[in-house]
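Let me begin by presenting the structure, written as structure tokens, before commenting on it.
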Amino acid sequence: MDLGLQGRRALVTGAGKGIGRSTVRALHALGVRVVAVSRTQADLDTLVRECPGVESVCVDLACWEDTERALGRVGPVDLLVNNAGVALLQPFLEVTKEACDRSFDVNLRAVIQVSQIVSQGLIARGAPGAIVNVSSQASQRALTNHSVYCSTKGALDMLTKAMALELGPHKIRVNAVNPTVVMTPMGQANWSDPQKANAVLNRIPLGKFAEVEHVVDAILFLLSDRSGMTTGSTMPVDGGFLAT
Ligand code: NAP
């Protein structure tokens, strides 16, 4: 299927590893000009070697001022993937201020800030755009030790709808993808314990975790005009977890 993305310019956050890195690779292969934003320079260096022409921006999106400096003049962007996220797991009674602040700063506040920068540029140019927020099945189901993470993703789902409402009149669509566990570095850190993993696997009708490509394909569809009438949606990529 031709997604018609060639020649567009996309910005992907959290591009150094996992879902973000694979999204950059896929967009680059489709002829999209990509700005890859992440926190570790070495990851960006290898990504640029792998995908010549990709522009890289190294910034910690948890810092509002650094992000403004790094992305304030990023230039015209048509497509945005807000993918950067952290999962700092703690039992609810042991949640710390630091984990709480960092989680909301990266998983929610940075989405607001980067989306403002990109949307303001689109509106000034009178150009249409598409934004995909990488949420999680954890936005809609409680998981042990995930109280803060679940809360950030629940807020992200609602932010997606609120952005769709206000940006729709400007021809900017905003959607979320909500994956189940994916064995990226984040997935491996949190789900390598078979006992813990099996508890979730047993709740997935398809009986397996997602591959990165499943998530990337959903992102590409929501970025493309093939989903031109879809905005404000939260698309599960979860093998049916949220259906139960
Ligand atoms: P990952 O393997 O940990 O990769 C995340 C990437 O984001 C890394 O390159 C990381 O850079 C970057 N990043 C994190 N914090 C950042 C910050 N403050 N500023 C700039 N870049 C930052 O994670 P992933 O599994 O690919 O997850 C991507 C998204 O999918 C996240 O939003 C996550 O919540 C969501 N998700 C993941 C799963 C899963 O099971 N993996 C399931 C559902 C949803 P550094 O490594 O340098 O910090």
### Message
Run the count for the chain, please: Lys pairs, Cα-Cα under 26 angstrom, 8 or more apart or on different chains.
### Response
11
### Message
Just to be sure I understand the rule: take each whole DSSP H helix in the chain, project its Cα atoms onto its long axis, keep it if the span is 15 Å or more and its mean Kyte-Doolittle hydropathy is at least 0.0. Which ones pass?
### Response
18-29, 110-125, 147-167, 212-223
## Note on the structure
For residue 127 and residue 229, extending 7 Å from Cα along the Cα-Cβ vector and measuring point to point gives, in nm, a value of 2.7
### Filtered trypsin sites (Lys or Arg not before Pro), segment 1-98: DSSP coil and at most 12 other beta carbons within 10 Å
73
### Task
Counting other Cβ atoms within 10 Å, keep those with at most 16, restrict to DSSP loop, and tell me which GluC sites (Glu not before Pro) in segment 152-244 are left.
211
### Task
For the chain, with a Gaussian network of springs between Cα atoms less than 10 Å apart, report the residue from 152, 46, 231 with the top mean-square fluctuation.
46
### Query
Binning every alpha carbon pair distance of the chain at 10 Å from zero, what are the percents per bin?
8, 33, 39, 18, 3, 0
### Query
Any idea what Rg and Dmax come out to for segment 109-184 if you just take the C-alpha atoms, in Å?
13.9, 45
### Two-site FRET efficiency, residue 142 against residue 211, from Cβ-Cβ distance with R₀ of 25 Å, rounded to 0.05
0.50
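Values quoted throughout were computed directly from the atomic coordinates according to the rules given, and no laboratory measurement underlies them. Predicted, not measured: the structure shown is a model, and the values here were computed from it. Note that we place each Cβ from the backbone using ideal geometry, even for glycine, and neighbour counts take in every protein chain shown.
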